[in-house]
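Quick notes on the structure that follows.
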Amino acid sequence: MFTASHHAYADVVLDILDPNKELISLRLYREHCTETPDGVFIKDLRIFKGVEIKDILIVDNAAYSFGY
């Protein structure tokens, strides 16, 4: 999972979705995003070396957050 949300908020939601930590093998948060000069946090999917795009799930309410 890769979200631009803060760690504390996202973990609450992810723990509800996957309480036994069996479905989500990786959690990436705001600190893993790239911040633009305008203060927008972008998910740069190029950080996933060797991972197929079909195996990545983005949870966000703003399409611009994964513009890269």
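The values are calculated or read from the model by the stated rules, or taken from the named source; none is laboratory data. Predicted model only: the values in this text are computed from it and were never measured. Every residue, glycine among them, receives a Cβ derived from its backbone with ideal geometry; neighbour counts consider all protein chains shown. Quick note on the areas: whole protein, heavy atoms, side chains included, nothing else; ligands and nucleic acids left out. Shrake-Rupley method; radii C 1.70, N 1.55, O 1.52, S 1.80 Å.
Which one is surrounded by the fewest Cβ atoms within 10 Å (Cβ to Cβ) among residues in region 22-68 that are under 19 Å from V12 (Cβ atoms) and β-branched (V, I, T)?
I24
Which of the residues that make up region 29-61 are in a loop (DSSP other than H, G, I, E, B), of a type outside the set (S, T, N, Q) and without any contact (Cβ under 8 Å) to a residue 12 or more places away in the chain?
Selection gives P37, D38, G39, F48, K49, G50, V51, E52.
Return the residue satisfying two criteria in turn: it lies in region 7-28 and is assigned to a loop (DSSP other than H, G, I, E, B) and under 10 Å from the mean Cα position of the chain (by Cα), and of such residues it is modelled with the lowest pLDDT.
Ranking the candidates gives L26 first.
Can you name every residue in region 1-21 that is open to solvent by less than 70 Å² (accessible area, probe 1.4 Å) and closer than 14 Å to D60 by Cβ?
Residues satisfying the conditions are M1, F2, T3, A4, S5, A10, V13, L14.
What is the number of the single condition among (1) modelled with pLDDT under 85; (2) among the charged types (D, E, K, R); (3) over 13 Å from the mean Cα position of the chain (by Cα) that D55 does not meet?
(3)
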